[in-house]
Amino acid sequence: MNLMENVKMALASIWSNKMRSFLTMLGIIIGISSVIAVVSLGQGGQHTITGEFEKIGANTVLITVDSSKAELSDYITLEDVKQLKEKVPYIRYATPVFQVQGQANSRLKSKRAYIIGGTSDLYQVDNIELAYGRFYNDAEYEEGKPVAIISNSAAKSLFKMEDVVGMTLDIGSDFAKKSFTVIGVVKNQIEMFSDMTNEDNLPAIIYMPATTLKQLFGMYGATTQVYIVADSKENIESAGNLAVKLLENRHGNRGREIYKAEPLMKQLDQINNVLGIFTTFVAAVAAISLLVGGVGVMNIMLVSVTERTREIGIRKAIGARTGHILFQFLTESVIISCIGGILGLIFGIAGAYGLGSIAGISPYISPGTVIIAILFSSAVGIFFGIYPARKAARLDPIEALRYE
Amino acid sequence: MIRIENVTKVYRNGEIQLTALKGVSLHVKPGEFVAVMGPSGCGKSTLMNLLGCLDSITSGKYILNGKDVSTLSGNELAYIRNKEIGFVFQSFNLLPRMTILENVELPMVYAGVPARERRARALEALARVDLSERIKHRPSEISGGQRQRVAIARAIVNKPSVILADEPTGNLDTKVTVEIMRIIQQLNDEGVTVLMVTHEPDVANYAKRIVRMKDGCIIDDYPVQNRTVL
Ligand SMILES: Nc1ncnc2c1ncn2[C@@H]1O[C@H](COP(=O)(O)OP(=O)(O)OP(=O)(O)O)[C@@H](O)[C@H]1O
Ligand SMILES: [Mg+2]
């Protein structure tokens, strides 16, 4: 008696009791589908976040000033940033990020502006993509040249055209304005927005050298946040530590723990950890429903054994051995669980995409998840099927034949 | 072939004990056709179940084809039921969810016969009981006589040496009874040993030998005079 024979027999018996078989599977379906949905959404979230982080830069370290302890003299100056890049061997890029709200006027139009200032390294650190022109260079940074890179939507709104390289633009606050030359246009990162929203309503995003920004707004020119990028993954830690050391030396504040270096990837690990624990927890709760489903399978298999006592008697009378009967019922419970598992997998994936589109997470379905789901549902079928199957196999042939 | 010596069978239901067979001895030679008769409750079915290795004897000895059956395990008995014995029951005992063909194939499934050979042998067995149509139907879709013929086909498909039939015509009318008896006589003519329980003297008259029981004992055992031959 081979496996195919058994599977055929089991399918026939499952098919002859369609409704009941489906209801039996329901527990497994609900269990597997909720586990799949939770896990693939969780993993999808992790992937999305990881992707975002990798775009910003896997080797990026954020140096921060603890503003609860720091005095004004502890803040990081533009000269500090320059020294960081020159003196610390592992640092490839370094830039502060200043963010200021201001105004931008073209001959046609006036607009709210969101101005970002950094070194020329901001181009790499922020992973900026240009549609036209170029980013400002070191010389322009050093000299504090009035050059600006503006967002694509700002170009359209301010000049009614896209390639505005070479145009002039007044940028500043209500009190002080200065004439800038546009040297670059940033590719629109989110295309969807510019189509859907009127670009006139979006603030203009403008990049300029931090030196220029400092002059323009008459700022002190010190910051609490500097991004550095290490030259390799291995040197992330050292670059951060050396940067902190150098800053402490320059400001003479060693021991006060003013500066902190935090690799962005480490933050990512933390987020992923939390997300992982959360996913595991919710999946575990969902897995309990799988156990309940398993108990349902056992229950129905016990009913089925009782109902089919006479059939078992007949089979034994014509020569079925203990193993034949055991295997027959076990196959049936495994197939019920497996079909439940496969349906659960389908519903789970569909559910993950459905929920994901609402929550804005694209689910990630790993082959591992799929394999584990199938194996797990088979295991449930074996575990909860073994007792009813043994009960069937051990029936006394003559007692079973007499059963009405 | 079949030899039982001083066999007893005691049923125990908690406190209550019932001795259904009180020391029965019987010897059946190959090719015999024995009808077992006796009043209701005298132990005929009990005897058949013991001979068919469906139930175990309480004491005594049972030798089937030279083998002492009383010492065998459950799975060894299943093997004997599969290979050496064909059962025909009063209530047919076909599996309702399987087709007729599948029912006849089932003993060969347990014997490990490959699918193609199974099909051929099942068709052959069905042909021998004159049933070549409706074989893709379920048992509930054919008549009682046809069902019993299916049961006979299933009983002979593994070419057993013995057929045990417990009131095979008990649920059938006279006309159909004759058909069934013709088939059983044919099988016997081909060399199969037959033991058959019946209440009706007319049916017993198809056999070659009659064993009479009463109260768990054999009280008479004689060859049939003026046997009905079909
Ligand atoms: N499983 C059992 N448990 C207890 N007693 C039983 C069992 N099977 C049969 N008996 C008893 O054993 C005796 C013999 O029963 P058996 O079925 O062999 O009779 P029978 O000759 O076949 O009767 P009938 O002609 O009505 O079929 C009866 O008294 C019956 O009640
Ligand atoms: Mg009886």
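The values are calculated or read from the model by the stated rules, or taken from the named source; none is laboratory data. Everything quoted here is computed from the prediction, not taken from an experiment. FYI the Cβ positions are ideal-geometry reconstructions off the backbone, even for glycines, and counts take in every protein chain you see. Note: accessible area is taken over every heavy atom of the protein model, side chains too, but ligands, DNA and RNA are not part of it. Shrake-Rupley method; radii C 1.70, N 1.55, O 1.52, S 1.80 Å.
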Quick one: buried accessible area between B and A, total over both chains, 1.4 angstrom probe, nearest 100 Å²? 2100
Long-range amide H partners of A:Met167, meaning residues 5 or more apart or on another chain whose placed amide H is closer than 5 Å, are A:Val182
Which entries of A:Lys82/A:Lys109; A:Lys391/B:Lys9; B:Lys67/B:Lys136; B:Lys136/B:Lys214 show an alpha-carbon separation above 32 angstrom in the structure shown? A:Lys82/A:Lys109; B:Lys67/B:Lys136; B:Lys136/B:Lys214
Full extension from B:Lys22 to B:Thr174: what is 0.36 nm times the residue separation minus their Cα-Cα distance, to one decimal in nm? 51.3 nm
Zone residues, segment A:49-68, relative to A:Ser232, backbone N less than 12 Å from point 7 Å out along Cα-to-Cβ: none
From the phi angles alone, apply the Karplus equation (6.51, -1.76, 1.60; θ = phi - 60°) to segment B:110-122 and give each ³J(HN,Hα) in whole Hz, x where the residue is Gly or Pro. 6, 8, x, 6, x, 3, 5, 5, 4, 4, 5, 6, 5
Please enumerate, by chain and number, the lysines with C-alpha under 21 Å from the C-alpha of A:Lys111, excluding those fewer than 8 residues away in the same chain. A:Lys156, A:Lys160, A:Lys177, A:Lys178, A:Lys187, A:Lys214
If the cut-off is 21 Å between C-alpha atoms, which lysines fall inside it for A:Lys266, apart from same-chain ones fewer than 8 positions away? A:Lys55, A:Lys233, A:Lys245
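What does the helix-only formula give at 222 nm for chain B: each DSSP H stretch with n ≥ 4 adding -39500 (n - 2.57), the total divided by the residues, and the result rounded to the nearest 500 deg cm²/dmol?
Working: 7 runs with 77 residues, N = 230.
Mean residue ellipticity at 222 nm (helix-derived): -10000 deg cm²/dmol.
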Name the residues whose placed amide hydrogens come within less than 5 Å of the amide hydrogen of B:Ala165, ignoring near sequence neighbours (fewer than 5 apart) on the same chain. B:Val88, B:Leu195, B:Met196, B:Val197
Output wanted: per-residue J couplings in Hz (rounded whole) for segment B:89-103, from phi through Karplus 6.51 cos²θ - 1.76 cosθ + 1.60, θ = phi - 60°, x for Gly and Pro. 9, 4, 9, 6, 6, 8, 7, x, 8, 9, 6, 4, 4, 5, 4
Under a 1.4 Å probe, counting only protein heavy atoms, A:Val185 has an accessible area in Å², nearest 10, of 0
What is the helix-to-structure angle for A:3-15, meaning the angle in degrees between its Cα long axis and the longest Cα principal axis of chain A, kept from 0 to 90 and rounded to the nearest 10? 90
Roll a 1.4 angstrom probe over the protein heavy atoms and tell me the percent of accessible area of segment A:45-172 that is carbon or sulfur. 47
Say a paramagnetic label sat at a point 7 Å from the Cα of A:Gln101, along Cα to Cβ; which residues of segment A:132-174 have their backbone N under 17 Å from it? A:172-174
From the phi angles alone, apply the Karplus equation (6.51, -1.76, 1.60; θ = phi - 60°) to segment A:368-379 and give each ³J(HN,Hα) in whole Hz, x where the residue is Gly or Pro. x, 4, 5, 5, 4, 4, 5, 4, 5, 5, 5, 4
Alpha carbon centre of segment B:1-74 versus segment B:80-114: separation in Å? 23
Give the whole-number value, in cubic angstrom per residue, of the convex hull volume spanned by the C-alpha atoms of the protein assembly as shown. 239
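Restricting to bridges with both residues inside the protein assembly as shown, how much of the DSSP beta-bridge set is antiparallel, in percent to the nearest 5?
Details: 61 of 89 bridges.
DSSP beta bridges in the protein assembly as shown are roughly 70 percent antiparallel.
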Please give the solvent-accessible surface of B:Arg212 in Å², to the nearest 10, using a probe radius of 1.4 Å with every protein chain present. 80
With everything on Cα atoms, drop me the angle between helix A:236-251 and the longest principal axis of chain A, reported from 0 to 90° to the nearest 10. 30
B:Ser25's amide H: which non-local residues (gap 5+, or another chain) put their own amide H closer than 5 Å, with H modeled 1.01 Å from N in plane and none for Pro or chain starts? B:Asn6, B:Val7, B:Ile218
